[in-house]
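Can you read through this structure? Questions will come right after.
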Amino acid sequence: MMSSFDILPTEVLEKILSHLELSSLAPLSHVCSRWRDIITRRHFQTYLVSQEFSVHKQLVAADWDWGCQDSNLIRTLFWRVYRQLEEAWSSATPSTRETVVGVFSPGDAPSHRVTDMVVFKDKLYLAMEGCVVNVHDINNFQHVDTLEGGEVEGGEHLTRSCQLVRHCNTLAVSSPGRDKVRLYNCETDEMVGEIETRLGPIYNLAMNDRLLVCLSGWSCLAWRINSSRPETVRGQFQGLFPDFQPSDQFQNWLEIHAAVVNSDWLVTRATRMRTQVGTGGTRSVSFLHVRRVGPDGHIGPVIRPESAAMPESVVEMNSMTLSENSLLAVLV
């Protein structure tokens, strides 16, 4: 007997299935051959494509590629990654390898100090003091390149740590003067654009698939980008909004202001000095501001601003990270 789903056009069935999470789609792939083929093509293959580079290397070794049309191979590899990868990571004993790529000691030239790092495929990017970025082969840690555009031009520059942030194929690097952000294509290591602000020094960067966020002057500046197509990145200014407003309670500021962003949320953290009434003393207060990011890149207002201040037991927040499934971890 034919069910109502059997008479649905394929495009309608695809639309219905697109509203389900992968955890629901996986068992539904066993319902019938038609559902299996749709879920394999539209969801299992997309899941494999979304895996990070080290997983892709293993998939390619199994004769898979981004345009793979072999449904049996796609299903086999999907179940291997979806079911077995997390368990393998949990139970395995990873091997470690140590290689000295450089040594910095107090008194050495500041240009020898590593201030930040990111990884893209088989490449390790090391940001050096002075905003020079060295590229190393992650397999043997040999130096293979230095990104162009990091030269210090004439004039006075702020001696601050160089910062890196990467999303997809786009790498953003702070400039020596901290008034610009250089954008690179990680596939070619070519500089593809530059973003400039006159608000003040840029001291933190965050990026997702459609936004580059810079922190400057206790404000957030956002540019629309497409991190998967760095050759088109020039940055369309999205807007500027104060992250923290002046207040009679907070006369002094600590330069601790950082941001993380994923597809749905922008989170900023900061530490401010509160003047204690009566004693005239000061005490540091830490804050977390959470804002929703819309599909078009619009950044909303702070959610529950009355609860932004951390408890007094939190003396300082040192770092934080935000996963794509919106789990926030903060080191206090």
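Please determine, by comparing only the residues of region 170-203 that are of a type outside the set (A, V, I, L, M) and under 17 Å from VAL261 (Cβ atoms), which one is most open to solvent (accessible area, probe 1.4 Å). Walk me through it before giving the result.
Initially, region 170-203 is screened for residues of a type outside the set (A, V, I, L, M), giving 170, 174-180, 182, 184-190, 193-194, 196-198, 200-201, 203.
So of that shortlist, the ones also under 17 Å from VAL261 (Cβ atoms) come out as 170, 174, 203.
Values: THR170: 0, SER174: 6, TYR203: 36 Å².
Going through the qualifying residues, I end up with TYR203.
If you take just the strands (runs of 3 or more DSSP E) that sit entirely in region 289-332, which of them hold at least 2 residues that are in contact (Cβ under 8 Å) with a residue 60 or more places away in the chain? Reasoning before the result, please.
Values: elements: 299-302, 319-322, 328-331.
Passing ranges, in order: 319-322, 328-331.
Further, regarding this structure: Looking at this structure, is LEU254 outside any loop (DSSP other than H, G, I, E, B) and either at pLDDT 85 or above or within 23 Å of ALA127 (Cα to Cα) (or both)?
When the stated conditions are applied, LEU254 does not pass them.
Kindly evaluate SER161 against the criterion of being farther than 13 Å from ASP189 by Cα and either modelled with pLDDT of 90 or more or part of a loop (DSSP other than H, G, I, E, B) (or both).
yes
Then there's this: For region 185-206, how many residues are out of contact with any Phe, Trp or Tyr (no Cβ under 7 Å at 6 or more places or on another chain), free of Cβ contacts under 8 Å to residues at least 60 places away in the same chain and within 20 Å of PHE237 (Cβ to Cβ)?
Of the residues in that region, 12 qualify.
The values are calculated or read from the model by the stated rules, or taken from the named source; none is laboratory data. Please read all numbers here as calculations on a predicted model, not as lab measurements. Ideal geometry is used to build each Cβ from the backbone, glycine not excepted, and the neighbour counts take in all protein chains shown. We work out accessible area using only protein heavy atoms, side chains counted, and drop any ligands, DNA or RNA first. Shrake-Rupley method; radii C 1.70, N 1.55, O 1.52, S 1.80 Å.
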